[in-house]
Amino acid sequence: MKKQKKIGDMLYEKGIIPKRKESKNFGASSIFRILTSEIYIGLYVYNKRKGKKV
């Protein structure tokens with residue numbers, strides 16, 4: 001959890017603001033969601049299907 005806070009602080013120092021502008025800092029859950037999201041880490045594949053064609 002400390003690392004996520006540190007990442008949030010670094011983002012804020014670089015001028016990157018969170019989606020919710022009322023908050024000046026990124027929450028630990030937001031940082032975790034970014035770090036584990038398939039889209040952000042490059043696992044997302046366009047038009048990926050799960051299932052079989054019949």
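The values are calculated or read from the model by the stated rules, or taken from the named source; none is laboratory data. From a predicted model like this one, the values you see are computed outputs, not experimental measurements. All Cβ positions, even for glycine, are placed from backbone atoms using ideal geometry, and neighbour counts span all protein chains on display. All accessible areas refer to the heavy atoms of the entire protein, side chains included, with ligands and DNA or RNA removed. Shrake-Rupley method; radii C 1.70, N 1.55, O 1.52, S 1.80 Å.
Output the qualifying pairs, or none if there are none: Cβ atoms under 9 angstrom, residues six or more apart or on different chains, first residue in the stretch 5-23 and under 16 Å from LEU35 (Cα atoms), second residue open to solvent by 90 Å² or more (accessible area, probe 1.4 Å) and of a type in the set (Lys, Arg).
Every condition considered, the pairs that remain are PRO18/LYS24.
Conditions tested, residue by residue: (1) part of a helix (DSSP H, G or I); (2) exposed (fewer than 10 other Cβ atoms within 10 Å of the Cβ); (3) of a type outside the set (Asp, Glu).
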{"position": "LYS5", "(1), (2), (3)": "yes, no, yes"}
{"position": "ASP9", "(1), (2), (3)": "yes, no, no"}
{"position": "ILE17", "(1), (2), (3)": "no, no, yes"}
{"position": "GLU22", "(1), (2), (3)": "no, yes, no"}
{"position": "PHE26", "(1), (2), (3)": "no, no, yes"}
{"position": "SER30", "(1), (2), (3)": "yes, no, yes"}
{"position": "ARG33", "(1), (2), (3)": "yes, no, yes"}
{"position": "ILE39", "(1), (2), (3)": "yes, yes, yes"}
{"position": "TYR44", "(1), (2), (3)": "no, no, yes"}
